[in-house]
Amino acid sequence: MGLIKTKGLVIREQPYKEQDKILTIFTEDEGKIQCIARGVRRQKSGHLASTQIFAYSEFVYYPGKNFGIINQSNLIEAFYPLRNDLTKMALASYLLDLMYNAYEFYQKSPEILKLLLHVLYYISGGKARNDLVLVGAFQMKLVSYLGYRPVLERCMVCQHDQDLTHFSIEQSGVVCRDCREQSPGYLYKLNPAMLELLRDFLKQPIKQLKDREIDPAEALKLSDLLDHYISCCIGKSSKAYAFYKTMLNP
Ligand SMILES: [Zn+2]
């Protein structure tokens, strides 16, 4: 098989041998792949920046049975400002972790990759009023794209559309005040503003949501809820989210 050329985001890196790295790259054309990048841990390597975590680069590689071998890489965007802000870094690492957990190798999702690049661009550039709104929107759009779109319009038990006060993880949607007692599993309490934002996470584009103002405590509750929900849907939980939470409450 010949060389493959595609753009991709480095979502995971691990040292390999003395000077190499094993990269997990979410690519536009080939989906999630693993490649060996030779010699890139040398300070003088010309591929140092383009093969780092968070690097969005154009890669040329030889496909292999388990690992591809990188032949060329050219940096397109490094999202450098993330590295100067630990909170942003932790949130952005969580997004990479979600991407890693949500897809199998060679599974493609150019739409979600594009969405992730936009979110990283806004978070890195300090362009959002509240980064957690963008994280929440990414969580919601990702989980819906994977086929687990939650029901937010009517109660999962009685079908009424009034007084929707809780989100049921187990039932994949909201429940009303009267039905919450009969709902199994874990429930998250929602106020009207939180419910509206959950709906907007689905409906509105990132570009619009970046200007959204919200009580930071409510934004965090929604991210907790969505992280819990995603973990249940895909059967994997993210250590990066737990790390982000410990940063908030040392
Ligand atoms: Zn009900």
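Within region 119-165, if we keep just the residues that are among the acidic types (Asp, Glu) and open to solvent by 40 Å² or more (accessible area, probe 1.4 Å), the residue that is farthest from Arg199 (Cα to Cα) turns out to be Asp163. Search region 49-75 for residues that are under 17 Å from Ser93 (Cα atoms) and pair each with any residue that is modelled with pLDDT under 95 when their beta-carbon atoms are under 6 Å apart and the residues are at least 6 apart or on different chains. Within 6 Å, the pairs are Thr51/Val40. Look at (1) touching a Cys at 6+ places or on another chain (Cβ under 6 Å); (2) under 26 Å from Ala242 (Cβ atoms); (3) free of Cβ contacts under 8 Å to residues at least 24 places away in the same chain and you find that Gly147 fails only one, number (1). A single member of Asp161, Asp224, Asp178, Asp215 is closer than 17 Å to Leu91 by Cβ and of a type in the set (Asp, Glu), and it is Asp224. Taking region 179-190 as the range and being surrounded by 11 or more Cβ atoms within 10 Å (Cβ to Cβ) and either under 17 Å from His160 (Cα atoms) or without any contact (Cβ under 8 Å) to a residue 12 or more places away in the chain (or both) as the test, the residues that pass are Cys179, Arg180, Ser183, Leu190.
The values are calculated or read from the model by the stated rules, or taken from the named source; none is laboratory data. Small disclaimer: the values here were computed from a predicted structure and weren't measured. We place every Cβ from the backbone using ideal geometry, glycine too, and count neighbours over all the protein chains shown. Note: accessible area is taken over every heavy atom of the protein model, side chains too, but ligands, DNA and RNA are not part of it. Shrake-Rupley method; radii C 1.70, N 1.55, O 1.52, S 1.80 Å.
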